[in-house]
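Taking it in order: structure first as structure tokens, then the write-up.
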């Protein structure tokens, strides 16, 4: 089993970069959705249910990947990166989709 977090410093750096990007994207998505509730940003009526169901799916996949990586004795950086991928994919696609919708025009 390899649980030495320092075996690949570049692996952890890649994971930290992806986690930072995911956090920035999540903040942008939250901002655009809140602006949608305020009537300033153009969002679909299905946005509220979407934000709940997409999290369930992404976190379920991330948890499964985390457990499987740990059970296989995979390196920590690989397990974390693999688990973060479905969450990052969701935040990245949300940012692109919501930016395209843009602010409401009068």
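So here's what we get for this one:
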item: In degrees, nearest ten, helix 76-101 long axis to first principal axis of the chain (Cα); result: 10 degrees
item: Expected 222 nm ellipticity per residue - DSSP helices of 4 or more, -39500 (n - 2.57), all of the chain, to 500; result: -27500 deg cm²/dmol
item: FRET E, pair residue 72, residue 16, Förster distance 25 Å, beta-carbon r, rounded to 0.05; result: 0.65
item: Cα-based helix-to-principal-axis angle, 47-72 vs the chain, degrees rounded to 10; result: 0 degrees
item: Helix 9-37 axis, angle to the chain major axis (alpha carbon atoms, nearest 10°); result: 20 degrees
item: Residues 89, 20 arranged by fewest to most Cβ contacts within 10 Å; result: 20, 89
item: The chain: relative contact order in percent, alpha carbon pairs under 8 Å with at least 6 residues between; result: 45 percent
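Every number in this text was worked out from the coordinates using simple rules, so none of it is lab data. Keep in mind it's a predicted model, so treat the numbers as computed, not measured. Ideal geometry is used to build each Cβ from the backbone, glycine not excepted, and the neighbour counts take in all protein chains shown.
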